[in-house]
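Everything on this sheet refers to the single structure shown next.
The values are calculated or read from the model by the stated rules, or taken from the named source; none is laboratory data. Keep in mind that what you see is a predicted model, and the values were worked out from it rather than measured. All Cβ positions, even for glycine, are placed from backbone atoms using ideal geometry, and neighbour counts span all protein chains on display.
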Amino acid sequence: MTSTTPAGQVDDAGRKNRIEAINQVFALFRLNYHNQYYAAYPDVEQVNHIKRLWLDALSDYEPDTILRGARHAIENSSYLPTLKLMLECCQEALSDTGLPKPRDAYLEACSKPSPKLEQHWSHPAVYFAGRDSDWFFLANQPERTTWPVFEQHYQRYRLRVSKGEKLCLPEREELPPPNTDTMSTEQRKSALKALRADLGL
């Protein structure tokens, strides 16, 4: 597969690595689904068209995530994976990074009490996805409304983590120490006198 990099795009190395990963995926599929593979892709030209389609569809994933997704597909499916299944397997592969599955993350975000920053989170991505979804929205709207919003935010953070970004929770704001200075008797009398004068008493 060869493809011209569009003007302004600087990720040539990343694209080449992703192309190599797609080629490896199809080689794995050819070995593991031999008869199905040749029935689905009878000629080289068709395979190249399919590879270009997969390359575009999987462009958000790092090459190692694509390869882990392919291995997951091979281990869990007796049939040659479709692109839809491959996308799902790449999402499963992201769980290897220590991230909870989207549904588990959603339930975690919805169940944590306030203040949110003081809770223990399975991964910072869960906190950030909840924050970006809006905690009040998650707590007060039905699941059919909140789940798609949360999932979209969470998938964005999962992809960032898969590309090597380290997410850290915001620093908690420390409360100022309490004022322990006590007033003397004379100071209290002066303050009381000033207060009475202010009130016209």
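Annotations
Table: residues versus (1) in the same structural domain as Arg156 (by TED's automatic domain parsing); (2) assigned to a helix (DSSP H, G or I); (3) modelled with pLDDT of 95 or more; (4) in contact with a helix residue (DSSP H, G or I) (Cβ under 6 Å, 6 or more places away or on another chain).
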{"site": "Ser3", "(1), (2), (3), (4)": "no, no, no, no"}
{"site": "Ala7", "(1), (2), (3), (4)": "no, no, no, no"}
{"site": "Lys16", "(1), (2), (3), (4)": "no, yes, no, no"}
{"site": "Pro42", "(1), (2), (3), (4)": "no, no, no, no"}
{"site": "Ser59", "(1), (2), (3), (4)": "no, no, no, no"}
{"site": "His72", "(1), (2), (3), (4)": "no, yes, no, yes"}
{"site": "Glu75", "(1), (2), (3), (4)": "no, yes, no, no"}
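- The set of residues from region 116-134 being under 17 Å from the mean Cα position of the chain (by Cα) and either among the small types (Gly, Ala, Ser) or outside any loop (DSSP other than H, G, I, E, B) (or both) comprises Ser122, Pro124, Ala125, Val126, Tyr127, Phe128, Ala129, Gly130, Arg131, Asp132, Ser133.
- Residue check for Pro63: in contact (Cβ under 8 Å) with a residue 24 or more places away in the chain and farther than 21 Å from Gly14 by Cα: no
- The residues listed here are Lys84, Lys166; of these, the one that is free of Cβ contacts under 8 Å to residues at least 12 places away in the same chain and part of a loop (DSSP other than H, G, I, E, B) is Lys166.
- All positions within region 93-115 that are part of a helix (DSSP H, G or I) and either surrounded by 16 or more Cβ atoms within 10 Å (Cβ to Cβ) or over 13 Å from the mean Cα position of the chain (by Cα) (or both): Ala93, Leu94, Pro102, Ala105, Tyr106, Leu107, Glu108, Ala109, Cys110, Ser111
- Qualifying residue in region 45-57 (condition: in contact with a Cys (Cβ under 6 Å, 6 or more places away or on another chain) and not small (Gly, Ala, Ser)): no
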